[in-house]
Amino acid sequence: MAGLPLPLPRGAGRAVLAGRALLAALRPCPRRGCGEAAALRAMGFSQEQARRLQGLQPRLGPERREAVAAQLLLLGLSAEAALALLEQSPALLRLPTEQLRERAEELRRLGLDGGRLERALSRCPQLFAVPRRRLAAAVRLLRERCLFTAEQLREVLGTCPAVLLEEPCSLHHHFQYAYFRMGVRQKEMVKARLFQMPFAELRNRHIFLERRGLYETPHKGQIQTNNPKLKDILQLSEKDFLASLACSTLEEYEVFKKLLAREEAEEGKEEEVDALYAEEDDDLDSERSKTAPE
Amino acid sequence: MAALLGGAAAALLRRGPGPGPGAGAVLGAGQRRHRHKEKWATTAPRIPSTRLALHHFDTSYSLHLGELWPSVRAGLLCEQKYGALLNNFSAVDHVTQELELLNATDFVSEALQKAQQSQRGAAAREAVRGSQEGCVQGRAVIQAETITQAESSPPFRASIIPKIKCYTFPRGDITRFCPARPDVLGLLGYYLMDAASLLPVLALDVQQDDLVLDLCAAPGGKTLALLQTGLCVSGGHLAANDVSISRTKRLHQILHKYVPREIRETVSVTSYDGRDWQDVDGGTFHKVLVDVPCTTDRHSAMEEENNIFHKRRTKERQMLPMLQLQLLMAGILAAKPGGEVVYSTCSLSPLQNECVVERAVEIAETQFNISVHVEDLSHFRTLFQDTFSFFSGCRLGELVLPHLTANFGPMYFCKLRRM
């Protein structure tokens, strides 16, 4: 085993990891190492996968590595998925397995089950590490302030798990922009996967359309609009967005983005109190009744 | 409604950098924020004038400009681009250097170079044609003919062009100019203006010793440009008039900051109603500039203050084409036979542009027995099309369209010759 070449691990620090892995490979194989490989194989990892796994964080004791790998498998990830996750974020190996288990349980309770959980974890491994309070705050925001139904929340988390990593203020701002400024409701937000696109990009596209006269904020009570669908605004590539929705050239859009960025920067300086981030009074609830601020 | 939604949400409705007043209730289309912060005043109009203006523009200009309107609209609603008109009366050399270091170029001299090159090219082809035979040369002949045709209507003569210099940043470059600084004599180095405003002045093509009248001169950008030619001073003369006394004050201030006293004293600034000009001084000017009051489209779309689309100014706005016509008539009557008049506005509206010119030509003919010829400025457009975005659909005159890559204008101008 010592003489066999190790494949380069994926993810950050691959050079360092490769170096270390190589060193590990050159060391004479201790009995323990062989034992570890056997344990991993018993769990369901192939020879190759076991080797890759052992290359991650080589200073770490094998018990840790085994425990974490086991936990991930228990959580329902396939061997390859678990390996990919760990290669992407080897720091996960340092987390206590209890934390992994609890976090996965939490996410499952929120509606991320089965394939969704696996996909979410693979896409955002930071979900394991983000503080519990932040997670809870994001969920509370989405349910109580943004008034997504439980079903809608599940859908949002499934399609855009990264919302759980967001600062609740900016998440709220993102939501409110779509709700008030664009006149979009929760159902459409979910369908269009609102949170998949970074807010700045959404704003660029929306205001570009608005200033061209192609998007109008609906008046109070107005149901029908001729506005392009949020889904199209968000999911078209920039090229297609410009060609079919904005009917404009890339050159114009590039200049526009620069001008808008400058407007933003200057407004930011002008505003004395950043009212947008005052969490107290901007509930949708206050549209209907006076609720006590949190 | 603003109160119900609460501060933050209402702030969102305030169109990003949008206009302040009553914006909670305002659901308009993309307006930039007014310079000063405005509170959620109940005294603010329920529907801001900028919104009324935009609605008006959407209705009329989408018809007139067709597919071009969305781009023009976005241009109107974003920060406009400026040009730096060089002040020849101050120490210009280091100013020129500074501007060129920033990558700005003088679009006037660039156009001149382009004109000279194609003229030289045409002349060379003429010579070639004279001395050779053959089908290769035949192609060159056809090319030469089309070029010389385009230039047969004389472009401005080379004499004035080097005198007027205006620096702009390249297409797509949104860099801003710093405010001009005074030189040792206390005169400012350049005047920041919409570069498109220079085009009517260039089209006027002032010659040495011309008597020039600027009928609606305030606030004074075009007047200053006329003075930069240096031609209407010694033998010639510049008369700058504006009906508004407060705006004429601005004109005086500009002259003070840019022009040395001995030159300033040659300019006669008056405050007559321009429509009465023929009673004052009929048929005496070689060149007349009639830069009329209009709906100032860009200002009206962006600024609440002094907005002509405010409800209380509806009558005034509706009377504009009539006022514009009267001013143009006065301008025509003030010109000598053979003299030239340039009519200009900063609006996109054909009702304030072509229609006024057409009507004036008709009235001059029928009521005053004066024949007026509309000059073709298409070669002019060709020269400046790298810097500005022109509309190709004007019946007469030329129109610079705002466009994000070249956000100058709107500026309409038309040249007339009194026969």
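The values are calculated or read from the model by the stated rules, or taken from the named source; none is laboratory data. Small disclaimer: the values here were computed from a predicted structure and weren't measured. Don't worry about glycine lacking a Cβ; one is built from the backbone with ideal geometry, like all the others, and counts go over all protein chains shown. The area values use the complete protein model at the heavy-atom level, side chains included, leaving out ligands, DNA and RNA. Shrake-Rupley method; radii C 1.70, N 1.55, O 1.52, S 1.80 Å.
Overview of values
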read-out	value
Per-region count, the range B:221-237, residues hydrophobic (A, V, I, L, M, F, W, C) and modelled with pLDDT under 90	3
Residue among A:P90, A:P96 that is at pLDDT 85 or above and of a type outside the set (V, I, T)	A:P96
Pick from the range A:73-117, criterion open to solvent by 60 Å² or more (accessible area, probe 1.4 Å) and of a type in the set (A, V, I, L, M), ranking: nearest to A:A138 (Cα to Cα)	A:A91
Filter result (open to solvent by 10 Å² or more (accessible area, probe 1.4 Å) and under 18 Å from the mean Cα position of the chain (by Cα)) within the range B:67-102	B:E79, B:Q80, B:K81, B:Y82
Filter result (under 22 Å from B:V72 (Cα atoms), open to solvent by less than 70 Å² (accessible area, probe 1.4 Å) and outside any helix (DSSP H, G or I)) within the range A:220-248	A:N227, A:P228, A:S248
Subset of the range B:93-128 that is under 28 Å from B:L187 (Cα atoms), in a helix (DSSP H, G or I) and among the aliphatic types (A, V, I, L, M) - its residue that is farthest from the other protein chains (Cβ to nearest Cβ)	B:L112
Test: residue in the range B:85-92 that is away from chain A (no Cβ under 13 Å), assigned to a loop (DSSP other than H, G, I, E, B) and modelled with pLDDT under 50	no
Residue check for B:L76: touching a Pro at 6+ places or on another chain (Cβ under 7 Å), modelled with pLDDT of 90 or more and of a type outside the set (D, E, K, R)	yes
All positions within the range B:337-351 that are open to solvent by 50 Å² or more (accessible area, probe 1.4 Å) and touching a Pro at 6+ places or on another chain (Cβ under 6 Å)	B:L351
Count of the range B:352-370 residues which are in contact with a strand residue (DSSP E or B) (Cβ under 9 Å, 6 or more places away or on another chain), charged (D, E, K, R) and surrounded by 15 or more Cβ atoms within 10 Å (Cβ to Cβ)	2
Verdict on B:D210 being acidic (D, E) and either touching a residue at least 60 places away in the same chain (Cβ under 8 Å) or touching a strand residue (DSSP E or B) at 6+ places or on another chain (Cβ under 8 Å) (or both)	yes
In the range A:249-259, the residues that are over 11 Å from A:R205 (Cα atoms), open to solvent by less than 30 Å² (accessible area, probe 1.4 Å) and among the hydrophobic types (A, V, I, L, M, F, W, C)	A:V255, A:L259
Which listed residue is under 22 Å from A:Q196 (Cα atoms), in contact with an Asp or Glu (Cβ under 9 Å, 6 or more places away or on another chain) and either assigned to a helix (DSSP H, G or I) or of a type outside the set (G, A, S) (or both), from A:L77, A:L127, A:L121, A:L107	A:L107
Boolean, A:F195 is open to solvent by less than 20 Å² (accessible area, probe 1.4 Å), under 23 Å from A:R108 (Cβ atoms), among the aromatic types (F, W, Y) and touching a residue at least 12 places away in the same chain (Cβ under 8 Å)	no
Residues of the range A:118-147 satisfying the condition of being of a type in the set (G, A, S) and open to solvent by 30 Å² or more (accessible area, probe 1.4 Å)	A:S122, A:A129, A:A136
